[in-house]
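Asker: Can you read through this structure? Questions will come right after.
The values are calculated or read from the model by the stated rules, or taken from the named source; none is laboratory data. Bear in mind that the values here come from a model prediction, so they are computed numbers and not experimental data. Glycine also receives a Cβ, built like all others from the backbone with ideal geometry; neighbour counts cover every protein chain displayed. When the accessible area is computed, the model is the full protein with side chains, heavy atoms only, and any ligands, DNA or RNA have been set aside. Shrake-Rupley method; radii C 1.70, N 1.55, O 1.52, S 1.80 Å.
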Amino acid sequence: MTVLRVDPWDPDYGASIESDEDPDRPPPPVEYDEPGPWAAIRPEPPDELPRCAFVDGVRRVDLHMFAEEGDVVAPAIAGSWAVGAAWTGQPAQVADVRVRRVIVVGNGLDHPALTVMLAGQKLDYVPRSAPVRTPRDLLLRLQSAMRDDEASLSEAIAERGGAELIIQDGPLTYTGRGRAPAMGLIKRQTQRYLDPVRQRLLGELDVGQRTPLFRFESRELPRYSWYARIATPRPIDGKMAGLVRMEVGSGQDLDGARKLADLTASTLPAFAAPMWRDSRSPQNLYPVGQLETILRNRLGERDLIRRALESALWTTMHG
Amino acid sequence: MDNGHDPEAGPDGREQIPEPARPSTSVEASDRSVPVGMILGTEKSSPLDWWVAVSADQYLQLDDVVLVRTHVPSQGDLSISGVVDQVRAGHEGSRFESDVFLSSQGVLPLPVARSAHVVTTRLEPELWVPPTPGDVVLRVRGLDREQALHFDSMEQRLIAGLSRDGQSIFIDLSFLDGRRGAHVNISGISGVATKTTYATFILYSLFHSSVLGPRAANTKAIVFNVKGEDLLYLDLPNANLGDKDRAKYDLLGLPHAAFGSVGIWAPVRPGTAEAIPDTGSRQQGIRGYFWTVRDFVREGMLRFMFTEAGDERSQIADVVSRVESVLRREADDVPGSPATLFLGDGRGDKVHVKSFKDLCDLIEHRIEDQDPDLVGHSARGTASAFLRRLEGAQAQCGHLIKGSDADNPADHRIDWQASQVSVIDIHNLHDRAKRFVVGVVVKRLFEDKEASGSSQPLVFIVLDELNKYAPREGWSPMKEVLLDISERGRSMGIILIGAQQTASEVERRIVSNAAIRIVGRLDQAEAMRPEYGFLSENARQRAGLLKPGTMLLQQPHLPMPLEVTFPFPAWATRSSEVHQTTSRRSPFAKTPA
């Protein structure tokens, strides 16, 4: 008989397991390198929580525009993003915040930089040209620019040292060449990697447990990955509630990757917010939720920026 | 007993006035004005009050004096000064109470924000413009602080005590001496509010600083000692005064000594022919006081024995004033007997009235005889009510009126001109007698001043338990005199320093006529009453927590009360504090004097 189970995320954020793509599209070729049976692993938690840097970003379209040149009309956006790191341990704090603003113009059209004055401060919108035709693709450009910035922040933190774990939001785009390897934390499961038999283990994982490692390549970056349960679902929640997928570049040797997998599987539950706290609880971890709040604040008030942008466009028209 | 100090702690059962909390900054640092934060933008600023975000490495506490300079377009710079009346701290971006645990475990990064609310005290120049977010706020010292609190514009300033951070606080003398205002009113719970002690500290500051200038010599004070014997030692230094206390007097620029010129008067002991002062712990240096039958009749003192407000008060008051005027009209002096009188017996004969009892008997007989001069058209019931009260008065205040047994009456008549401070003890007397003494003394003073026609020299009257003498409800001759002082005393040079536990029980006009209002520890429910409207919401809460030796002082210049602490009394307030070297009783004497 069919049973109904809850996906705890706020519907405004979509489902925690969601893909625009076909859910049955074939997974990439996956290798199972970790010795032992395919069964849940419960690592011993460390005595103290590690000092972690959670790296994340937020982005926003400030204004949709049209880029017009002769008969050509292309979509354009003015967008902003902010990236930063939430440090856990003592003191817990948000640091390394940077804010960037861009104009992305479609159809390969060019536009010079736009400087906007707001409350006596200059906001510089850096131009980027993109050979795309839809506003959605422009948004993906903005998104990937933010992701690049997150990666470069992770890299900077790794090189600077001080973090035992660097956990980046979303799939890994950076290998971690510094002293500490960066890991990716994937909140939303959009792609199936495991064969149906191994997939069954996901529903059986307890809090603090992880699957054995598996290895695959994505975007030309070979990586180790594993699933871990960071919060106990309620009986009415679905099997996938409270599950995250982690990955780390396979530049790490297998032993190194296992240690990181063990450390995250045993410590991440400490950072998981209860279901009622956040729209994307528990996968949106405490430090990440707070970081996003602060980053959104740093983007500035959208209505004010929109007016400032419009006023700048008036100026260029008459100016 | 209300010596003003908590009777619980201390070696002799007294709580020492606590040290003001001082931050552990160096002297040099605390003498400079320092930037402590900025006007914040999440709360709106107004010209009258504003919020400051406090820098991470700085602090602001209640009562700190701050200054912000803001730029006003086309007008230039504006300096806005104020006093901190609220400080708060919290996590920014925290949504749940339990977030604090996560933050301290290092799981949830939450910034701490500290802010302070400031009430404007002064704008220079007077442009009613709010400060702007981002303007730098300084905690000020020296001249900036004096300007903020308007101390710089006080021509003559009376030392009122120390602020929490050890700076001087002043009262504008022109609001005390009648030029622009007069009278002080002090409220607070007995025992912890230190009302009387603070009132005497104000007197000490008046008489032992240079604020009065040449006027000091002729300025007088009459202090009624209503409870305990605390005020009977004003002329003796306090042996328990420590070095820290002396340092506070030094800081204030006041000497640490006893009052210089003090006369202490106590009622004569009942039942003895000799005029021995009726006091317990101290008798040396105290003069017994009484009045004579002649004074009583000539000066119309009878009314002050009828000071209870009652239903039939108007009828009784009518009889009282008839009796007073008939007696005065008929009285003839007795040659060779300055304390007694010849009075008519109502049947055409004169009799020699030799004692207060004789006088009461004479009045009684004439009233029982329905003497029309005395009873007028009063009902029989009124006349008997009058007689009942006269009988009571005779029992309770009779010993204060002497006749032919009066020994040297001129020496025992209270002479408040003889010393700078005259302490009149009434604490052992029955309530009726207390009102009688206060009424007679104050009335006499009032008449003297009225006759002199000049407001100089000033006379200060210190009277605790105002609720007994001028209760909110009802009428009495006592209340009338006090109301007269509060309304006309300013122009006549009579300044009332009144105190009571609860201002809500005292005649409204007496409280509202006081230019300087002070509260010590208040009961929380009392603090919420409209009589304390000059206290902000915060100040009302604080009034419930004030320690002995700490008061909230409101004066007309400033929109909010200032917290003021004052040093432990330099004069003794009980026998155990009397300095042994100056004690009249030698510690080596075998038998007590």
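Asker: Please list 3J(HN,Hα) in residue order for region B:147-159, calculated via the Karplus relation 6.51 cos²θ - 1.76 cosθ + 1.60 where θ = phi - 60°; whole Hz, with x for glycine and proline.
Answerer: 3J(HN,Hα) across region B:147-159, in whole Hz: 5, 4, 9, 6, 5, 5, 9, 7, 5, 10, 10, 9, 5.
Asker: Under 5 Å between amide hydrogens, which residues at least 5 positions from B:A515 or on another chain qualify, with H placed 1.01 Å from N in the peptide plane?
Answerer: Result for B:A515 returns B:A182, B:H183.
Asker: Calculate the tail of P(r) for region B:364-441: the fraction of all Cα-Cα distances greater than 16 Å, expressed in %.
Answerer: For region B:364-441, the fraction of Cα-Cα distances above 16 Å is 65 percent.
Asker: Could I ask something else about it? Could you please tell me the mean projected area of the C-alpha convex hull for region A:91-206, averaged over all directions and given in square nanometres to one decimal?
Answerer: The Cα convex hull of region A:91-206, projected and averaged over all directions, gives 12.1 nm².
Asker: Then there's this: Can you check what the net charge comes to around A:P233, using other residues whose Cβ is under 9 Å from the Cβ of A:P233 (Lys, Arg +1; Asp, Glu -1)?
Answerer: Net local charge, A:P233 excluded: +3.
Asker: Given H placed 1.01 Å from N in the peptide plane, which residues other than close sequence neighbours of B:R472 have an amide H under 5 Å from its amide H?
Answerer: B:V506, B:E507
Asker: Heavy atoms only, 1.4 Å probe, whole protein assembly: order A:M317, A:M1 by accessible area, highest first.
Answerer: My answer, sorted largest first, is A:M1, A:M317.
Asker: With just the Cα atoms defining each centre, how far is region B:508-528 from region B:103-166? Give it in Å.
Answerer: Answer, in whole Å: 25.
Asker: Give the value in nm², to one decimal: projected area of the alpha carbon convex hull of chain A, averaged over all directions.
Answerer: For chain A, averaging the hull's shadow over all directions gives 19.3 nm².
Asker: Can you classify region A:1-135 as rounded, prolate or oblate using the Cα gyration tensor, where a ≥ b ≥ c are the square roots of its eigenvalues, rounded means a/c under 1.5, and otherwise it's prolate if a/b beats b/c and oblate if not?
Answerer: It comes out oblate by the Cα gyration axes.
Asker: With θ set to phi - 60° and the Karplus curve 6.51 cos²θ - 1.76 cosθ + 1.60, what are the ³J(HN,Hα) couplings of region B:182-187 in order, to the nearest whole Hz, using x for Gly and Pro?
Answerer: Ordered by residue, 3J(HN,Hα) equals 7, 6, 10, 10, 10, 10 Hz.
Asker: Enumerate the calculated ³J(HN,Hα) couplings along region A:211-222 in order (Karplus 6.51 cos²θ - 1.76 cosθ + 1.60, θ = phi - 60°), each rounded to whole Hz, writing x wherever the residue is Gly or Pro.
Answerer: These are the phi-based 3J(HN,Hα) values: 7, x, 6, 9, 10, 7, 10, 9, 6, 6, 10, x Hz.
Asker: Would you check the accessible area of A:H318, probe 1.4 Å, heavy atoms only, in square angstrom rounded to 10?
Answerer: 140
Asker: Same structure, new question: For B:R246, tell me the accessible area in Å² from a 1.4 Å probe, rounded to the nearest 10.
Answerer: Per-residue accessible area (B:R246): approximately 80 Å².
Asker: Rounded to whole Å and sorted largest first, what semi-axes of the equivalent ellipsoid does the C-alpha gyration tensor of region B:100-252 yield via the square root of 5 times each eigenvalue?
Answerer: Working through the eigenvalues yields semi-axes of 39, 25, 15 Å.
Asker: What are the extents of the Cα atoms of region B:195-337 along their three principal axes, in Å, largest first?
Answerer: Ordered largest first, region B:195-337 gives principal extents of 61, 35, 34 Å.
Asker: How big is the B/A interface in buried accessible area, both sides summed, 1.4 Å probe, to the nearest 100 Å²?
Answerer: It comes to approximately 1200 Å² buried between B and A.
Asker: Provide the solvent-accessible area of B:D358, counting protein heavy atoms only and rolling a 1.4 Å probe, rounded to the nearest 10 Å².
Answerer: Rounded to the nearest 10, that gives 60 Å².
Asker: Which residues belonging to region A:259-297 lose at least 30 Å² of 1.4 Å-probe accessible area when the assembly is complete, relative to their chain isolated?
Answerer: Buried by the other chains: A:W276, A:R277, A:Y286, A:Q290.
Asker: Here is a further query. Could you please state how large a percent of the accessible area of region B:72-219 is carbon and sulfur, counting protein chains only and using a 1.4 Å probe?
Answerer: The computed percentage sits at 53.
Asker: Another question, if that's okay. Could you give the size of the charge dipole of the protein assembly as shown about its Cα centre, using +1 on the Cβ of each K and R and -1 on the Cβ of each D and E, expressed in debye and rounded to the nearest 20?
Answerer: Using Cβ point charges on Lys, Arg, Asp and Glu, the protein assembly as shown gives about 380 debye.
Asker: Report, as an integer, the average count of C-beta atoms from other chains found within 10 Å of each Cβ along B:96-107.
Answerer: 5
Asker: Straight-line reach only, C-alpha to C-alpha below 30 angstrom: list the lysines that B:K248 could link to, leaving out same-chain residues fewer than 8 apart.
Answerer: Hits, sequence-local ones excluded: B:K195, B:K220, B:K227, B:K547.
Asker: Which cross-chain or sequence-distant (5 or more) residues have an amide H under 5 Å from the amide H of B:R269, H modelled 1.01 Å from N in plane?
Answerer: Those lying under 5 Å, H to H, from B:R269 are B:I276, B:D278.
Asker: Taking Cα pairs under 8 Å and at least six residues apart, what relative contact order does region A:102-173 come out at, in percent?
Answerer: Across region A:102-173, relative contact order equals 26 percent.
Asker: Next question. Could you tell me the ratio Rg/Rh of region B:424-508? Both radii from Cα atoms, Rh via Kirkwood.
Answerer: Result for region B:424-508 is an Rg/Rh of 0.96.
Asker: Can you pull the percent of Cα pairs in chain B with separation above 32 Å?
Answerer: Distances greater than 32 Å cover 54 percent of the Cα pairs.
Asker: Next question. Any chance you could check the Cα centroid distance between region A:91-128 and region A:193-239 for me, in angstrom?
Answerer: For region A:91-128 versus region A:193-239, the Cα centre distance is 38 Å.
Asker: Heavy atoms only, 1.4 Å probe, whole protein assembly: order B:W50, A:W276 by accessible area, highest first.
Answerer: A:W276, B:W50
Asker: Based on a Kirkwood Rh over C-alpha pairs, give the Stokes-Einstein translational diffusion coefficient of region B:315-370 at 4 °C and viscosity 1.567 mPa s in µm²/s.
Answerer: 110
Asker: Compute the distance from the alpha-carbon center of region B:242-301 to that of region A:30-47, in whole Å.
Answerer: First find each Cα centre; the distance between them is then 93 Å.
Asker: Write down Rg/Rh for the protein assembly as shown, rounded to two decimals, with Rg from the C-alpha atoms and Rh from the Kirkwood relation over Cα pairs.
Answerer: Result: Rg/Rh = 1.21.
Asker: I would also like to ask the following. For region B:136-191, what does the accessible surface come to per residue with a 1.4 Å probe? Please give it in Å².
Answerer: I get 29 Å² per residue for this part.
Asker: So how do B:H256, B:H377 rank on accessible area, 1.4 Å probe, biggest first, that is with the largest at the start?
Answerer: B:H377, B:H256
Asker: Send over a whole-number figure in Å² for the accessible area per residue of region A:260-319, probe 1.4 Å.
Answerer: That works out to 47 Å² per residue.
Asker: What net charge is computed for the residues neighbouring B:T272, neighbours being all others with C-beta under 14 Å from the C-beta of B:T272, Lys and Arg scored +1, Asp and Glu -1?
Answerer: It works out to a net charge of -2.
Asker: So how compact is region B:269-358: Cα radius of gyration and Dmax in angstrom?
Answerer: Rg and Dmax of region B:269-358, Cα atoms, are 16.2, 50 Å.
Asker: OK, next. With contacts defined as alpha carbon pairs under 8 Å and 6 or more residues apart, what's the relative contact order of chain A in percent?
Answerer: 23
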